[in-house]
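The values are calculated or read from the model by the stated rules, or taken from the named source; none is laboratory data. In this text the structure is predicted, and so the values were computed from the model without any measurement. Note: ideal-geometry Cβ built from the backbone for every residue, glycine included; neighbour counts use all protein chains shown.
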Amino acid sequence: MAIESLSTSSVAWVSAPRVAEVPTKPFRGQLFINGQWRDASGGERITRTSPSYGVVVGDYACATAADADEAIRAARKAFDQGEWPRMTGAQRATVLNKVADLVMERQEEFALLELFESGKPISQARDEIQWAAEFWRYAAASARGLHGDSYNTLGDDMLALVVRDPIGVVSVITPWNFPFLIVSQKLPFALAAGCTAVVKPSELTSGTTVLLGELLQQAGLPDGVANILVGTGPEVGSVMTSHIDVDMVSFTGSTRVGKALSAIAAQTLKKVSLELGGKNPQIIFPDCDWNAAVDAVVFGTYFNAGECCNSGSRILVHESIAADFEQAVISRARKIPVGDPLCEDTKVGAIISSGHLETILSYVQGARDAGAEVSLGGRSLDADGLYMAPTILSGVTPDMAVAREEIFGPVLSVLTFKDLDEAIAIANDSLYGLSAGVWSSNIDNCLAIGRRVKAGTVWLNTWMNGYPELPFGGYRESGQGRELGRSGIEEFTELKTIQMHMGPRTGWWLPENV
Ligand code: NDP
């Protein structure tokens, strides 16, 4: 598509000073299988070019289907015969806490690798690594807290236990937008439960997951318990979802791949947990805290360049304030520091790939063609690297693609509503149901939306807070299952019922003296 790009002077462009230099040599990674680092059986490699600097920053052994099979067998053996599932929760917690310590010791190294591969700003990359370490610590605590139930209400001679067994071998498949955060939302919880795992990051952002392998070894995780493969979805991911020795697939990514992968996993009836896309509404009432709401809309739309499943990518504004509110958002969005991710001040970095940038631009063009107006941005930036101007589309109606589909870029769609019921109807008129928000000082409005909007998370007068204590996941095509919170570890378990009879038997189906 030949659309002219905008000059960087049309946004609050950021350049020097930088916190580090762009690497002259790529980070090199191997496959981590059964505690050994080795090249791929096919000898192939996969490289990653930084979307912000245009140089190769990652160079990895690219796994084949045979490598995936070997990794799964190692995980199977470690589960069936190894010590990890049989250790105490406290022993597993010690290893997971050690991983968290090591992550924090190497936070800057992780943050830079994430930045070079994903294009995200350094301040955000650092936060992501720190949050990931928190997840490892929370999972460690969960390892000690995991427990089942007991029933002594079944009669004097019966007692029953409901215990939680680790589910077995877990395939962990992750996307490119928050690579280290998302693997840390899954792997430590699977390990805490006593499972073993095979992990495949996105081929675009494999670095930090590969680096994690070193830390797992250093922390004393037994061989074969976690195996890490760099490779493509069709070659490696498909083995990880179809292999008979895999018991569960934990996937974060697009709804399209999530559906395809579920269909494959269904052939062997594996448990599947899915964290997928979203088209998350923020509903703005006239009695909102104006500044806070404007800031939340800007943050919700442009954080991680909008490449965020929780992006608040559509706002529903009460018609009485729509024009003024949109103007306030435009003024704030113009001030967002966009540019070089290595600069401390940058808030919006590069887009992940040229193909994805094209997709975002084609959504904007589609909106123009359907009658929406581009009131800010709408184009890529004329800069070295893949950058997009913060964009606002006004006059969007609920039937347009930009109101219904996940764009996964820095694009805000503005819709209006007349009253509470209409706001809820528009919010729910979506195949997705990941998150939603409301801005109002009227508690009735807030609670009505909290209760009636179909979404896994609803924020009332706040946006995109996250805590390891709270479950996360989506309704409808935003996924199935929940991560974090108590469910973080429980998702990786099977319930087993053990029934025990006490004392002499008092009768059976056909008594002897019949
Ligand atoms: P994709 O669905 O394209 O890919 C996700 C992962 O699946 C990658 O590792 C990919 O491998 C792998 N994969 C691709 N095809 C297959 C296959 N046939 N079998 C098994 N694995 C496969 O998503 P993106 O990486 O493009 O990530 C963006 C998407 O992730 C967005 O839609 C976003 O909403 C969603 N997301 C959801 C979150 C949530 O928690 N709800 C959080 C973050 C993102 P590869 O690409 O290397 O070939």
| query | In segment 154-205, what residues are among the acidic types (Asp, Glu) and within 14 Å of the ligand (Cβ to nearest atom)? | reply | Glu203
| field | Residue in segment 352-373 that is surrounded by 19 or more Cβ atoms within 10 Å (Cβ to Cβ), within 15 Å of the ligand (Cβ to nearest atom) and of a type in the set (Val, Ile, Thr) present | value | yes
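I need the full set of residues from segment 277-297 which are under 24 Å from the mean Cα position of the chain (by Cα) and buried (at least 22 other Cβ atoms within 10 Å of the Cβ), in order please.
Pass one, segment 277-297, residues under 24 Å from the mean Cα position of the chain (by Cα): 277-283, 295-297.
Matches in segment 277-297: Gly277, Gly278, Lys279, Asn280, Pro281, Gln282, Ile283, Ala296, Val297.
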| task | Give segment 43-85 a look and list any residue that's closer than 27 Å to Met248 by Cα and free of Cβ contacts under 8 Å to residues at least 24 places away in the same chain, or say none. | result | Asp80, Gln81
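For segment 427-458, how many residues meet the condition of being under 26 Å from the mean Cα position of the chain (by Cα) and surrounded by fewer than 19 Cβ atoms within 10 Å (Cβ to Cβ)?
7
Sort through Gly349, Gly300 and tell me the only one that's within 28 Å of Glu109 (Cα to Cα), in contact with a Pro (Cβ under 7 Å, 6 or more places away or on another chain) and surrounded by 22 or more Cβ atoms within 10 Å (Cβ to Cβ).
Working: Gly300 fails: in contact with a Pro (Cβ under 7 Å, 6 or more places away or on another chain).
Gly349 is the lone residue from the list that is within 28 Å of Glu109 (Cα to Cα), in contact with a Pro (Cβ under 7 Å, 6 or more places away or on another chain) and surrounded by 22 or more Cβ atoms within 10 Å (Cβ to Cβ).
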| said: Considering only residues that are within 15 Å of the ligand (Cβ to nearest atom) and out of contact with any strand residue (DSSP E or B) (no Cβ under 7 Å at 6 or more places or on another chain), which ones fall in segment 222-241? | reply: Thr232, Gly233, Pro234, Glu235, Ser238, Val239
| Checking Ala322 against (1) free of Cβ contacts under 8 Å to residues at least 40 places away in the same chain; (2) among the small types (Gly, Ala, Ser); (3) more than 16 Å from the ligand (Cβ to nearest atom), the condition it does not meet | (1)
| request: Within segment 1-53, work out how many residues are among the polar types (S, T, N, Q), in a loop (DSSP other than H, G, I, E, B) and more than 27 Å from the chain's Cα centre (by Cα). | output: 5
| field | Evaluation of Ile244 against (1) more than 12 Å from the ligand (Cβ to nearest atom); (2) buried (at least 24 other Cβ atoms within 10 Å of the Cβ) (one fails), failing number | value | (2)
| query | Here is a list of conditions, (1) within 21 Å of Leu484 (Cβ to Cβ); (2) of a type in the set (A, V, I, L, M); (3) outside any helix (DSSP H, G or I), and Ala160 meets all of them except one; can you say which number that is? | reply | (1)
| request: Give just the number: which of (1) at pLDDT below 95; (2) of a type in the set (A, V, I, L, M); (3) surrounded by 12 or more Cβ atoms within 10 Å (Cβ to Cβ) does Val514 not satisfy? | output: (3)
